[in-house]
Amino acid sequence: MAMTDPADREDETMMPPPASESVDHDEIYGEDGSIRQDYLARVGAAIADRDVLFLREHVTRLHESELGDLLEAINAPQRQALVELLGDDFDFASLTEVDEAIRLEIIESLPNARIAEALGDLDSDDAVYILEDLDEEDQLEILAALPFTERVRLRRSLDYPEDTAGRRMQTEFVAVPPFWTVGQTIDYMRDEENLPDSFSQIFVIDPTFKLLGAVDLDRILRTKRQTRIEDVMDETRYRIDAEMDQEEAAQLFEQYDLLSAAVVDENERLVGVLTIDDVVDVIHEEADEDIKRLGGVGDEELSDNILSTVRSRFSWLLINLATAILASAVISMFDATIEQMVALAVLMPIVASMGGNAGTQTMTVTVRALATRDIDIYNAGRIIRREAAVGLINGLLFAAIIGVVAGLWFASPGLGGIIAAAMVVNMLAAALAGILLPLLLDKVGADPAISSAVFVTTVTDVVGFFAFLGLAGWWLSFA
């Protein structure tokens, strides 16, 4: 008999209800990709009128991602009413497609018994995705209401650390012993009702559930029935440890063009499978997370309320205030110099701004390279030299431009030369700070996506002001 899980030794996946005919994409979305206002108006009117027949016809047939977009587009009271009106026809898989705040808002409005019943019809990875955001007390109550086999599977996935392959994996898979023939395997898949909705590989395991290999379905179909599975299986070279970070797992999928990969525990036992649809979600989440961290907004979502948004942004704005004070302290060291020549106050922001933008460009490329592991100890020196050369060349080019502009603007060739020299110094410093600071932060274990921006900006401001005003003070002392 085929085996799928160390907990139950058989695949008991719940079959979902038959999918109904989908709604035409153009009926829901406009040319810009957002939900059409007329569709929202019709759904809103149906909710207000409690028109269940309309909602079942036009909402229950939506794909889970489309329903997720609809839930995000309507307001909170409409969401609550929609879930209530649809009842058992509401697709809980759509909750994996919405912001965390909206997901929690809907889940917390439902009794745990209703949630447990709905989770029983979901793939294990979707069920875990919903459960992991709940309080431990609610998790335990919902798990206790599930059948033993499903409870053990979900509990094990939840025991793995957050953002690991174990949290993302599906525990529904097909596994067979090596001594089975291809014919036995095909007959099993035809006769067994409780198979995963979709799969591309059959895994081969020994009696202790240790992973031996895998066979692609296309190879099964091309092989004669009497052939033993062990004769056609391939070794699973790209097995994924259950505690591997999900971003590392996604990089394996990208590097080796995988559609699915076996997930194993510390004893090399097969515990699940990671599929490409989950990996696409991981890639999107990680990219979204990096962009937000570069802006200092953490895990903020568009659906967050005002208070949580303020709290999310306040800490980094406070750090930026401290660094701005540091830059101002540098300026105050040259207040006498500025008093002698007001033009310095006019030109100061140009030097700092250009350095800040140049540093941000280098920092963004570096942080992304660190995330994708395109930069390492072997090529770091070459990339540092390249960025320094780019910074120097851009500094010389823009120095020539701003030097001419400042010289003509204030009828002072000397002032033009000063700002040109400061521009070269700051652009070079920006390039070096943009690559060295993220590398240093990554080396000491800090997240460069979170910490780099504020430090790079501080360096470019301080160096820019000090170079420009210091050179100007030196020049004025000889004037």
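What accessible area per residue, rounded to a whole number of Å², is obtained for the chain using a probe radius of 1.4 Å?
51
Report, in debye and to the nearest 20, how large the dipole of region 59-141 comes out about its Cα centre when Lys and Arg carry +1 and Asp and Glu carry -1 on their Cβ.
420
Top to bottom by accessible area (1.4 Å), largest first, where do Lys210, Lys224, Lys443 land?
The most accessible residue leads, giving Lys443, Lys224, Lys210.
What's the angle, to the nearest 10 degrees (0 to 90), between helix 448-478's Cα axis and the longest principal axis of the chain?
For 448-478 against the chain, the angle is about 10 degrees.
How do Ile28, Ile402 stack up against each other in accessible area, from largest to smallest, with a 1.4 angstrom probe?
Result, largest first: Ile402, Ile28.
Out of Leu344, Leu212, Leu55, whose Cα points farthest toward the positive end of the dipole of the chain (charges: +1 Lys, Arg; -1 Asp, Glu; placed on Cβ)?
Leu344
Dividing the alpha-carbon Rg of region 325-479 by 2.2 N^0.38 Å yields what?
For region 325-479, the normalised Cα radius of gyration is 1.12.
Per q in 0.11 Å⁻¹, report the Debye log10 I(q)/I(0) for the chain, using one uniform scatterer on each alpha carbon and no solvent.
Log10 I(q)/I(0), no solvent term: -1.01.
Can you compute the charge dipole magnitude of the chain about its Cα centre, using +1 on each Lys and Arg Cβ and -1 on each Asp and Glu Cβ, nothing else charged? Give it in debye, rounded to the nearest 20.
With Lys and Arg at +1 and Asp and Glu at -1, about 2940 debye.
So what's the angle, to the nearest 10 degrees on a 0 to 90 scale, between helix 276-294 and the longest Cα principal axis of the chain?
20
What is the set of long-range amide H partners of Tyr29 at a cut-off below 5 Å, with H atoms built 1.01 Å from backbone N?
Amide H neighbours of Tyr29: Arg36.
Probe radius 1.4 Å, ligands and nucleic acids left out: which of Ser34, Ser477, Ser157 has the largest accessible area, and how do the rest follow?
The most accessible residue leads, giving Ser477, Ser34, Ser157.
Leaving out ligands, DNA and RNA, what percent of the accessible area of the chain is carbon and sulfur, probe 1.4 Å?
Here carbon and sulfur together make up 57 percent of the probe-accessible area.
Given a 1.4 Å probe and the protein chains all in place, what does the accessible area of Asp374 round to, in Å² to the nearest 10?
Rounded to the nearest 10, the figure is 100 Å².
Run the simple label-point estimate for Glu193 and Val330 please: 7 Å along Cα→C-beta, distance reported in nm.
7.3
The values are calculated or read from the model by the stated rules, or taken from the named source; none is laboratory data. Keep in mind that what you see is a predicted model, and the values were worked out from it rather than measured. All Cβ positions, glycine included, derive from the backbone under ideal geometry; neighbour counts span all protein chains shown. Areas reflect the complete protein model, heavy atoms only, side chains present, ligands, DNA and RNA absent. Shrake-Rupley method; radii C 1.70, N 1.55, O 1.52, S 1.80 Å.
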